[in-house]
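Asks: There's a structure below that I have some questions on.
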Amino acid sequence: MILVSQNDFVQTGLLPAVGGDDRGEPTAREPRALLVERISLESLVHHHEALAHDMPLEDVHRLFRERAVDFFALVRDGRVTGLCSRTRVGFLLGSRFGFALNSRSPAHSAQVAHPLVFTSTTPLRPILDQALGRPTEEFHEDVVLVDEAHRLIGLIPVQALARLQTRLVGEQITALRDQHEAARLQNLELFQSNHALRQAQGLYRALFESNATGVALLDLHGEVQAHNQRLAELLGRSQADERQFSLVALITEREHMAFRQLLLAHEAQGPVPGAREFHFELGERGTRLLRISMGWIRETSQICACVDDMTEQRAIERHLQGQEKQLLLDTLVGGIAHELNNKLTPVLGFAQLLDLEASERGRGYVGYISRSVIEAASIIRQLLQLSKPETGQPQLVNLGSLVEESVTMLKFQLREARVALHTQSPPEPVIIFADPSQLKQVVMNLIINALHAMARNTRPRLALTVSRKGGFGCLEVSDNGSGIAPEVIERIFDPFFTTKGPDKGSGLGLSICQSLVRSLGGKITVNSTPGCGARFSVSLPLAASDGAATTHSAAPFAARARVDLAAGQRVLVVEDDDVVRKFLQEALRAGFGCRVDAVVDGAEALQRAAVQPYVLVISDVRMPGMNGPEFYRRLCELRSELAGRFVFVTGHEGEDTLVELMGQVEVPLLAKPFTMQRLHEICGPILGRTGGEARSSNCMVSA
């Protein structure tokens, strides 16, 4: 809004320059002072909240939750340095990855881009003009008031300035009304007509040019006959370019007809309520989603269109929806993994028990079964790790093996796209120190981007090359797709930038990849020739000392010596799945020669534990009624000596309740599906503490 004083009207000729009379009454050349302008800026202060510019963001986030404010002043050595926004802090820490990456960042990393800071002696009008004339995204930011030494006085909310603006306009209107009354008394009818016309023209120009949205006057064919500066900025046009242009020509071809029909509807029906969103092709700016609200001007037979860019907002909304879908996926994947691991456990276990008595040919079949189960379990673990990383802790990772696992996860997409895949790795491991789930996310994102780039290629080719270069492990992902245009290659790592269109991507994938790679001390680069494909290169520091993850052997259990318990020693198994419960009975009998009591739930298990001595308790985590962690706590209250003789069995190692419990107590964990060897490794040390002598392999099993 533009504030106009009485002097302005006098200078433009809208009001006569009437002098004062003998009674000393004020004249048009001597406008009375407005009461609003006498208001002290300190009286507008809403709060005096401030924080140190280097305070960690996680502490800032806590302060925002405790204080009912949206902004804090940033202070360094007692002087104001900027303004911190609740919205910006929430954006940086809103996701699990964002919190991990930014929680220790200083508060000034969340400061607003263009804070308004004024001293208490600043005139009111410049403050109102700057505060209320800001763009939409900055309009609601508080104004910081400081003294001459730049020390904080307080924060003024924009609502207070808006109310003050309203009062100021009201007083100005009152002053203009008084002046108009003086002119009426002089019977200057011609002046009144000219004054009304010029006032309308000034108001039109003010509203037109200072509007925060793009405004255009269109004819019925969509030709722009007039527009403001904001519309030129949205469309990437120069304000100096006065040539007429058509909005229809900028809209994507598939939406031309819908836009033309909307224009014609205004002439036939008058105002059409609501706003519509259309995709615009804007050259270097790419495809943008613009929201258009239209109104019919009957007097001029024109359409007034208000235009706003919704691209980033819709991308954020899609990202939030994706987070909700990811949460649902995590829940579904966890449940499916638990059930599949339950079914794989007895397959692997009974196969190894059969191996003890099978012929040479039968042992070969058992080997095939065991390897297939182990491969299936590996795929399930990768799926769990991708949907919800188990620990998020860096570890030694073989880059070549990780690339192979990523390709396995995308095997279906590669086969459907008919991609000729070529992978190359050095004979020796390329060991780096990283979180495997995050690094796998980078590799899979690069492969998926390559598949999108080759969507229209009749003979797509994808090459994945792992190598060592100096002190770095390197991965190159090369494709023969459409390539990347030179004018956009510098922006592909920017957040929300995408050339795929709003329906195929949010523009966050490569930005996240770059952040993950940088967090590991590496870098990611791209080279591309339009029409000839692209090559993404990822370089990561090699680990100080090469190593490899320990893998569990699926060697036949018969090769291990059996540890028998003393007669009468009992083991309690709590498992709701009948087949898994039966397998644990047989496995414990074959491995330790023990007496096994097997029950289906925690309540029955507590009854057994109250009357029977047990040297070992094995319990599932997910069970109906009383779950595993609750059963463990109640068992420890009943029989405290069993706290150190307890083993959990689970089909989902990353389950939240289990992760929380494992962080509080030291309980061995047996992940399904498991081998006889793994069962022996976990339970053997516990049962070995009983001091029993080796006995006959025959034992008594009760259900």
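Asks: Would you work out which of GLN172, ALA149, PHE245 lies farthest towards the positive end of the dipole of the range 146-273? Charges go on Cβ: Lys and Arg +1, Asp and Glu -1.
Replies: The residue sitting most towards the positive pole is ALA149.
Asks: At what distance in nm do the modelled label points of GLU312 and SER293 sit from each other, each positioned 7 Å from its Cα along Cα→Cβ?
Replies: Each label point lies 7 Å from its Cα, and together they span 2.0 nm.
Asks: Additional query: Amide H neighbours of MET626 under 5 Å, at least 5 residues apart or on other chains, H built in the peptide plane: list them.
Replies: Counting only residues 5 or more places away or on other chains, the set is GLY602, ALA603.
Asks: If you filter the range 403-497 for GluC sites (Glu not before Pro), then keep DSSP loop positions with at most 15 other Cβ within 10 Å, what is left? Provide the component values of the computation, followed by the final result.
Replies: On the way: sites: GLU404, GLU405, GLU416, GLU476, GLU487, GLU490; in loops: GLU487.
Listed in order of number, the matching sites are GLU487.
Asks: Could you give the length gained on full extension between ARG363 and VAL488, defined as 0.36 nm per residue of separation minus the Cα-Cα distance, in nm?
Replies: On the way: separation 125, 0.36 × 125 = 45.00 nm, distance 5.95 nm.
Here the answer is 39.1 nm.
Asks: Treating the beta-carbon of each Lys and Arg as +1 and of each Asp and Glu as -1, no other charges, what is the dipole magnitude of the range 47-156 about its Cα centre, to the nearest 20 debye? Walk me through the intermediate numbers first.
Replies: Values: 12 positive and 14 negative charges, 54 e Å.
Dipole of the range 47-156, to the nearest 20 debye: 260 debye.
Asks: Follow-up question, since we're still on this one. How many nm is it between the label spots at ARG198 and CYS636, if each spot is 7 Å from the Cα in line with the beta carbon?
Replies: Placing both labels 7 Å beyond Cα along the Cβ direction yields 8.6 nm.
Asks: Nothing charged except the Cβ atoms of Lys and Arg (+1) and of Asp and Glu (-1): what's the magnitude of the dipole of the range 211-309 about its Cα centre? Round to the nearest 20 debye. It would help to have the intermediate numbers written out before the result.
Replies: Working: 10 positive and 14 negative charges, 32 e Å.
Around 160 debye, computed over the range 211-309.
Asks: If you count, for each residue, the other Cβ atoms within 10 Å and average over each peptide, how do 570-579, 57-66 line up from highest to lowest? Walk me through the intermediate numbers first.
Replies: Numbers: 570-579: 20.8, 57-66: 16.5.
Top of the packing list down: 570-579, 57-66.
Asks: If packing is taken as the mean number of other Cβ atoms within 10 Å per residue, what is the order of 294-301, 616-623, highest first? Write out the running numbers ahead of the final one.
Replies: Numbers: 294-301: 12.6, 616-623: 23.5.
In descending order of packing, they fall as 616-623, 294-301.
Asks: Modelling each spin label as a point 7 Å along the Cα-to-Cβ direction, I'd like the ALA100/ILE173 distance in nm, to one decimal.
Replies: 5.7
Asks: From the Cα gyration tensor of the range 179-318, with a ≥ b ≥ c the square roots of its eigenvalues, which class applies: rounded if a/c is under 1.5, or else prolate if a/b is larger than b/c, or else oblate?
Replies: Values: a/c = 2.51, a/b = 2.02, b/c = 1.24.
Cα axes put the range 179-318 in the prolate bin.
Asks: Quick check on my link table: of LYS582/LYS672; LYS411/LYS582; LYS440/LYS523; LYS469/LYS523, which ones sit more than 25 Å apart, alpha carbon to alpha carbon? Could the numbers behind the result be given before it?
Replies: Numbers: LYS582/LYS672 15 Å; LYS411/LYS582 36 Å; LYS440/LYS523 16 Å; LYS469/LYS523 13 Å.
In this structure, LYS411/LYS582 exceed 25 Å between Cα atoms.
Asks: If r is the Cβ-Cβ distance from LEU185 to GLU42 and R0 is 51 Å, what FRET efficiency results, to the nearest 0.05?
Replies: Values: r = 42 Å, r/R0 = 0.82.
Efficiency for this residue pair is about 0.75.
Values quoted throughout were computed directly from the atomic coordinates according to the rules given, and no laboratory measurement underlies them. Everything quoted here is computed from the prediction, not taken from an experiment. Because the Cβ atoms are built from the backbone with ideal geometry, glycine has one as well, and the counts that use them run over all protein chains shown.
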